[in-house]
Structures are given as structure tokens and as C-alpha cells.
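Structure, as C-alpha cells:
The values are calculated or read from the model by the stated rules, or taken from the named source; none is laboratory data. All values reported here derive from a predicted model rather than from experimental measurement. Note that we place each Cβ from the backbone using ideal geometry, even for glycine, and neighbour counts take in every protein chain shown.
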Amino acid sequence: MDPGTWDLIWRNLWPMLAATVTKTLPLTAISFALGLVLALFVALARISPIRPLSLLARGYISVIRGTPLLVQLFIVFYALPQLNIVIDPFPSAVIAFTLNVGGYAAEVVRAAILSIPKGQWEAAQTIGMGYPTTLRRVILPQAARTAVPPLSNTLISLVKDTSLASTILVTELLRVAQLAAAPTFDFFALYGVAAVYYWVICLLLSSGQVRLETRLERYVAR
């Protein structure tokens, strides 16, 4: 690369890092946290004996998993204003990513809950625990160990998916790289830097996943 390209990279390292810290990471964290809460409620509805509730949850999961995330983003940001619902770019991205995470993670949570033997529920009931208490103190802590690996993969995918927020004008990492490269058309260099930033984030998350799995394994009876 010529000196001009290196200078372009050097001048944009900090702005791209700032966009990562102020937009990409908060967007990921907020959407994932809200998505997990939504996923739990959808998973519980999915296994509920109340048929309309179960069907509603199934329909939601089917729609989310059957449509592209980019289309979901466009519906929230570009289509809702036609219904007089105008949402700023960042909240629009949070809404779309939360709904997407909720749809995918709900099946992970459901499978983790169903993996717990029925005897655990029955034992909790015999000592007087109600449904919410059993879920909170017995079922979910055990289900968490099963759910951590696939949920971690969902989180890592979400980090990379946040790059789609650039299409609705969120000035996250990729958007900053695009704007910086546009005057000189030196997209390869700045997109390469953006790829390194995403890669480092995913490496750190993968390392955290391993540590969490190791910690949870300590509580498994052998």
C-alpha cells in the first residue's frame, strides 16, 4: 500500500474505534439483553398448554426466522413511517435486532428448558414451589448451562449483523468506514480495518464463552 493509504488508515483508526465503542457494542449489548428477555417469554409461551398463546409464539418465531434481518430493519425504519410511526435510526436498529434475537434465541431457550428432566419439576412441586419459583430457582439455572453455547453463537452473529445498521444510517463501525473511504474510493483498506475490529470483538466474546462454560461446569454433578 502506498503512504497515502497508510495515512488514511491511521487517521481513521480512532474514529472507527470510537464508533465501535459508542455504537456497535452498545447496539449489540442492548439488543441482545432485550432479545434474551423476549426469548424467555416467547419460549415459555411456546411450551404453554394454552393453545392460542403457543400458536402466537410459533407464528412469531416463524416470521422472524423466515424473513431476512435486512428486511426487518427496513420495515422498522422505512416502512413504519407510512403508518405515522417514525423512529430514529439507533432505536430502529435496537427494535429490529431485539425482535430478531428474540425469535432465534426463543428456540434455544425452549430446547434448554425441555432438556431438564420432568422429575426436577415434580420434585420442586413436592416441596411447595410454585411455577415461577421453580422456573427461577431450579429450571433456568440448569437450562443456562445447555443454552450458553448456542446463545453465545447468537451473540457473536449479532455483533457481525450490526453492520447492517449502516443501511438505516446508524453511524456504527462499518458506516464510519464507508464514509471515510468514499472520497478516495480506498474501500479495501478501511473495510479491512473494520473486519479486524469485528474479528477482535468476536475473539474476545469467544474467550468469554469458554470461561463461562468452564465456570458453569463446576456446578455439574459427576
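Would you pick out the residues in the stretch 144-192 that are in a loop (DSSP other than H, G, I, E, B) and either β-branched (Val, Ile, Thr) or in contact with a strand residue (DSSP E or B) (Cβ under 8 Å, 6 or more places away or on another chain) (or both)? Of everything in the stretch 144-192, those that are in a loop (DSSP other than H, G, I, E, B) and either β-branched (Val, Ile, Thr) or in contact with a strand residue (DSSP E or B) (Cβ under 8 Å, 6 or more places away or on another chain) (or both) turn out to be VAL170, THR171, THR184. The C-beta contact set for the stretch 120-131 (first residue of a type in the set (Phe, Trp, Tyr) and in a helix (DSSP H, G or I), second residue modelled with pLDDT of 80 or more and surrounded by 10 or more Cβ atoms within 10 Å (Cβ to Cβ), distance under 8 angstrom, 6+ apart or interchain) comprises TRP121/THR134; TRP121/VAL138; TRP121/ILE139.
Regarding PRO15, is this residue of a type outside the set (Phe, Trp, Tyr) and in a loop (DSSP other than H, G, I, E, B)? So PRO15 fails the test.
Here VAL138 clears all of (1) of a type in the set (A, V, I, L, M); (2) farther than 28 Å from VAL159 by Cα; (3) free of Cβ contacts under 8 Å to residues at least 12 places away in the same chain except the condition numbered (3).
Could we say that SER152 is in contact with a Leu (Cβ under 9 Å, 6 or more places away or on another chain) and surrounded by fewer than 18 Cβ atoms within 10 Å (Cβ to Cβ) here? Judged against the criteria, SER152 is a match.
Scan the stretch 198-214 and give yes if some residue there is over 30 Å from PRO81 (Cα atoms) and either over 19 Å from the mean Cα position of the chain (by Cα) or in a loop (DSSP other than H, G, I, E, B) (or both), otherwise no. Yes: one or more hits.
When the residues of the stretch 94-119 are filtered to those that are assigned to a helix (DSSP H, G or I) and either touching an Asp or Glu at 6+ places or on another chain (Cβ under 8 Å) or without any contact (Cβ under 8 Å) to a residue 12 or more places away in the chain (or both), the one that is nearest to VAL170 (Cα to Cα) is PHE97.
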